[in-house]
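To keep things clear, I will list the structure first and then write my remarks on it.
Values in this text are rule-based calculations from the coordinates and carry no lab data. These figures come from a predicted structure and were not determined experimentally. Every residue, glycine among them, receives a Cβ derived from its backbone with ideal geometry; neighbour counts consider all protein chains shown.
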Amino acid sequence: MIEFILNDKKISTKENLGMATLDYIRKVRHLKGSKLVCKEGECGACSVLIGTLKDGKLHYQSMTSCIMPLANAHGKHIVTIEGLNFEDKLSPVQKAMVDEFGTQCGFCTPGFVVSLSGYLLTTNKPSKEGIIAAIDGNICRCTGYKSIERATDRILTELVQSIQSFTVQELVDNHFIPAHFSNIKNRLQQISTDIERKEDNKIIGGGTDLYVQRPFEMYEAEVKPIYDDPELNKIEIIDGICTFGASLTMGDLGRSKIFSTALPNSAYIFKLLSSTQIRNMATIGGNLVNASPIGDFTILLLGLDSNILISDGRNERQISLKDFYQGYKVIDLKEKEYIKEISFKIPNKNSTFHFEKISQRKYFDIATVNFSSHIEIENNVVVSASLAIGGVGPIPMYLHNLAKHLIGKTLNTNLIESSFKILQDEISPISDARGSATYKRLLARQLLLAQFLNIEPNIYSIKKLVSA
Amino acid sequence: MNNIEKAKKSDTYSVDAHLHVTGKTKYLDDLPELQGTLFAKVHYAKIAHGKIKNYNLEKALNIEGIVKIVTYKDIPGENQIGGIIPDEELLATDEVHFIGMPIFIIVAESEIAAHKADKLIEIDIEEKEIITDPIDAYKKNQFLSSPIKFALGDTENAFNNCEYVFEGTANSGGQEHVYLETQGAYAIPNADGSFLIYSSTQGPTAVQRTVARVLGLSMNKIEVDVNRIGGGFGGKEDQASPWAAMVAVSAFLTNRPVKYILERGEDLQMTGKRHPYKSNYKIGLNKEGKIIAYQASYFQNGGASADLSPAVLERTLFHGTNAYFIPNVEINAFSCKTNIPPNTAFRGFGGPQGMFVIEAAIHHAAKEMKVSPIEIQEKNLLFEKAEFSYGQLTEDCEAQRCWDQAKEKYNLEDKRKKVETFNNENDTVKKGLAVMPICFGISFTNTPMNNARALIHVYSDGSVGISTGAVEMGQGVSSKMIQVAAQSFGLSEDQIKLESTNTTRVANTSPTAASATADLNGKALQDGCDQIKKRLSDFFNKHWEITSNDHASFLDNKISIGSQSIDWTEAIGIAFLHRINLSAKGHYATPRINFNKETGKGHPFAYHVYGTAIFECTVDCLRGNYEIDSVELVHDFGSSMNKEIDLGQIEGGMVQGIGWMTMEELIYDEKGRLKSGNLANYKIPDIYSVPKTVSVQYLDTKGAELAILRSKAVGEPPLMYGIGAYFAINNAILAFNPNANVPYDAPMTTEKVLIGLYS
């Protein structure tokens, strides 16, 4: 049995924990405001807010309930569109959407309202960029988004005029969210967050891939939820090594001060990774064991030459991430084993970390090719290099040959051109829905070049690459 | 912010929008389910073409909760759903023609049970050769309907007199509708053997007709009700019918309510999309850049059955020359039969595909002639009384005025210089500029469809209920209908209630399509209101003993004749007691229009809509991705009756067009399998991929007589602005690499951009 608060009602349920939260909301509780559109987390129409009590603080995140395991609702505050409604008026978010004609067919609208309301609950420094980022996982097919942008302008203006401290209570007092939010923190403190984690059950983290691949199977699956396992949710830097738990999400890392110390200027990377909702759900461990050849975080961590700590609950072993991938979706992980921790050496003053991702749609898309590297240069000579590339082979690819080629050499035009050739020999892309092999080879070269240009902006003219 | 003066907001919009933003709107899947409701699920073909040898349903039937698995043999009426041509089975009998073709309907107590059974159905299909490319189909004489041709002047001779002649190919890809609400229907059997069908459809009458045909019942036994739908874009014009027919058959056979809401993956696999086209063109110009002759052949990828393809094909020809006058035109179109799902209506309805080709031809010519395409576009715009290839002459032609106003208001010349300077100063980032004029004809090109009806009840307390054949799908037609009634009676909008679209109240409706819904239904509604007003006017003349029998005026909640005046509510109460008929059925059939399909000549459109958009984009020449910086346009709304709603149509339609031209890519593999068969692989614009700024100017015009309240149709035309994005990006590539080889092959994906940059 799990317990949580759904809008303003305390719920205890014995429904199967593998059930998708949206199914619970729509079919069991008959709350029809959250819409089922894609069952892939690809549109945000089912967005809900999840309030979590951690270290005595209540914080909210938006998530797509269509692929969220019900197990992960345990001990949380689940807010659907119904939980944002006032009895006798519209909230400022809702009113702005109405006044700016930000809704047409209306099917995506509850999701937008939820995400925008979530922004109020998470920001303490409202900005145009921030509020738009809050709806980066919400798709609208009717409006072309411009009217929704105008609505966000209105919301921002109202926020800035009336809110100073951005506490839940201040938002309640100014009628941005309904009164029942006031007491949630106290009520959540009454609910135990303990949950049974049966060893033989199917391990689930955020559910962002399992629920896309096998939605019906998960409906009745016996699960072992590890999303909130405190053992897997730590992050620290010791002696220049950043170590973090595998259940941390991309969202957790994106917000982590420790992580941004480890990888400064990484904000642009998080923007390239899926959407706000998915980042809030997707665990790093899940990204790694998924073994997708184009997993963004996988490539990022490979480029940092990370290590992973694998556990079966009793024994632990540490291996290099580059040895983890053995073939297409074949990984060095035995029955009952799971990734516990990930660690990497943080860049120093002489080294540059670089990440690139190209997809059909610039944001909120799966990569065609992604690339990451960590290059250390002293006196214009490459002293260490680790590079990884995705989408050009059956596994997330660590570029052994290219790394070897670069180390010890002077960074100049010749090295760049010779590295192009080594790269092409090392990769083996195929044509698929994300692009042709020809394109992926071209892209691989360009992204490698982008890395060099990031280190040394004028070192190479791209004009040279145009066919004569 | 755009520079539009804020129009008075419609209260009605706000009523609808209140429900949306609070999540209270009820769509099909939100209706309470009746006790005993069963769930249907389609088992569809996994092979694109083949003969069904045998099948075994036993294991599937053994799953707990399976009530029935329906095969074609169980269909009580005709196993036929083809709307224009009867060439489409509801359930496959002995052959399958595309991956996604329905074969069985699983009817179960729960969706989970249906899903389990689906996996256990065994079927043996002998594979046959497949065709996915329209040119292959053309070579093999595989057509869905007869070829059609429009001609004007003497093209053959005209080419001989041209200074320049260029030939080439231009292809455009398909487009998935991605209406957020998937297809679905809910059938409830009545005691007398009739059925109530809730359907997410743009065409309630099409659903009614199809269900009746499949059940072998007359149309009066089928009531179809549509409250509103979560997006349609053409995808639910004809293709909402099969699901309704399936739940109806299942309800017929089980005598229980049956519901089916398609999963997104099922919807993507089974339903048709915008037609991909392959086309050849030949364009001839004189020394000054005047287009003298134009020839084109369009090969439409129609899919496995006709659906609406013949009508879509025709509209490609209607818009083959876009907003240009060309004296000699010969254009031919072929609807090619292939083994992909039957393609269907999608905002623009074949028009965009035709326009893309003429724009490509102009771009090609400009490149060769070393002038800007803008010069050629500008020299060839339509003018008053110019003849289209189908014989209609322009009236109140706004092509030039839209162009001139856009050029002036947005400083086109200055913009061109700035882009040139930017490109001279930057090596790795290039800007591209393109202008996209549009001209789009309003009316169903199948003349008999241009009619509508409306039912109006004035209740004895003065409140008003209206029903029309229009389906609200986000385009704001509900607001417009309420505005029409409120304005007609001189009431406020909150006194009018718009009912659901229901075939029992309003019969024989045309689908909500062709941008013409507000015009047709609004005019029918006006007619109905006028009838009631006339009766009230006659009555009060008598009642007040006014001998001159003046027309009453209906303003500000009052009915007045001369110096006499009475409050509306009181007036209705009196009229009711005097047994005045307070209900009316309005009817409207668009006057003047005609089209002879044999000769390809006539006057098919009530009027045309014009506009001009200027696109500017920036291409990252290192990575091959791009951003649309701005779209600035002048649009001919006529005299807009609801500026905010119409602006939403412009912005939304334009962005949908940009999606079609840039990132939305449908890929079928050699087996006819849709590789972009989920939203992870098929990308539509997100908030970051839309133009950074969009400016919309209203052309100052009196509007068209045949438009409702002189407010021109606005649904489809803006989609075609999106074509400008393709050419802006193309021009940025050429700025980086003047010798770039960029075939005219939309969408302009990041792949094509990067390959083009380094070609």
Distance in Å, no decimals, from the C-alpha centre of the stretch B:60-89 to the one of the stretch A:387-442 is 52 Å
Helical mean residue ellipticity (222 nm; -39500 (n - 2.57) per DSSP H run of 4+; nearest 500) of chain A:
-9000 deg cm²/dmol
Among the listed pairs B:LYS671/B:LYS752; B:LYS415/B:LYS692; A:LYS340/A:LYS404; B:LYS116/B:LYS259, which are separated by more than 19 Å between their Cα atoms?
B:LYS671/B:LYS752; A:LYS340/A:LYS404
Taking a cut-off of 45 Å, what percent of all Cα-Cα pairs in the protein assembly as shown are separated by more than that?
39 percent
Longest principal axis of chain A (C-alpha) makes with the long axis of helix A:413-426 (C-alpha) an angle, in degrees to the nearest 10, of 70 degrees
For the stretch B:413-486, run through the chymotrypsin sites (Phe, Trp or Tyr not before Pro) and keep only the ones in DSSP coil with at most 13 other Cβ atoms within 10 Å of their Cβ.
B:TYR459
C-alpha center-to-center spacing [the stretch A:10-48, the stretch B:351-418] in angstrom:
50 Å
Using only DSSP helix segments of four residues or longer, with each worth -39500 (n - 2.57), what per-residue ellipticity at 222 nm results for chain B after dividing by its residue count and rounding to 500?
-9000 deg cm²/dmol
For chain A, what is Rg from Cα atoms divided by 2.2 N^0.38 Å, rounded to two decimals?
1.02
Considering all alpha-carbon pairs of chain B, what whole percent are spaced by more than 43 angstrom?
30 percent
With a cap of 11 neighbouring Cβ atoms within 10 Å, and only residues DSSP puts in a loop, list the trypsin sites (Lys or Arg not before Pro) found in the stretch A:64-172.
A:LYS89
Summing +1 for each Lys or Arg and -1 for each Asp or Glu, what net charge is found among the other residues whose Cβ lies under 13 Å from the Cβ of B:PHE595?
+2
In the stretch B:451-589, what % of DSSP beta bridges are antiparallel (nearest 5)?
85 percent
Please give the length that would be gained between B:SER759 and B:LYS51 if that part of the chain were fully extended, namely 0.36 nm times their separation in residues minus their C-alpha to C-alpha distance (nm, one decimal).
250.4 nm
Between B:ASN286 and B:LEU393, the FRET efficiency computed from the C-beta separation at R0 = 22 Å comes out, to the nearest 0.05, as 0.45
When Rg is the radius of gyration of the Cα atoms in the stretch B:451-589 and Rh is its Kirkwood radius, what does Rg/Rh come to?
1.00
Pair B:GLU109, B:TYR164: separation of 7 Å Cα→Cβ label points (nm):
7.3 nm
Using alpha-carbon pairs under 8 Å, 6+ residues apart, how would you state the relative contact order of the stretch B:451-589 in percent?
36 percent
Extending each Cα 7 Å along its Cβ direction at B:ASN581 and A:SER418, get the distance between those two points in nm, one decimal.
9.5 nm
Could you list log10 I(q)/I(0) for the stretch B:152-201 at q = 0.17, 0.21, 0.27, 0.29 Å⁻¹, which the Debye formula gives when each Cα is one point scatterer?
-0.77, -0.91, -1.05, -1.09
For the table A:LYS146/B:LYS675; B:LYS480/B:LYS702; A:LYS185/A:LYS257; A:LYS440/B:LYS431; A:LYS357/A:LYS463; B:LYS51/B:LYS221, the rows whose alpha-carbon distance is greater than 28 Å are A:LYS146/B:LYS675; B:LYS51/B:LYS221
Between B:GLU413 and B:GLU368, what FRET efficiency follows from the Cβ-Cβ distance if R0 is 25 Å, with the result rounded to 0.05?
0.60
What GluC sites (Glu not before Pro) does the stretch B:536-612 have in DSSP loop regions with at most 12 other beta carbons within 10 Å?
B:GLU545, B:GLU598
Identify all aspartates and glutamates with a Cα-Cα distance to A:LYS32 below 18 Å; exclude those on the same chain that are fewer than 8 residues away in sequence.
A:ASP8, A:ASP23, A:GLU82, A:GLU87, B:ASP16, B:ASP29, B:ASP30, B:GLU33, B:GLU111, B:GLU181, B:GLU263
Which percent of the Cα-Cα distances in the stretch B:337-386 go past 13 Å?
69 percent
Using alpha-carbon positions, what is the distance between the centroids of the stretch A:165-243 and the stretch B:592-635, in Å?
48 Å
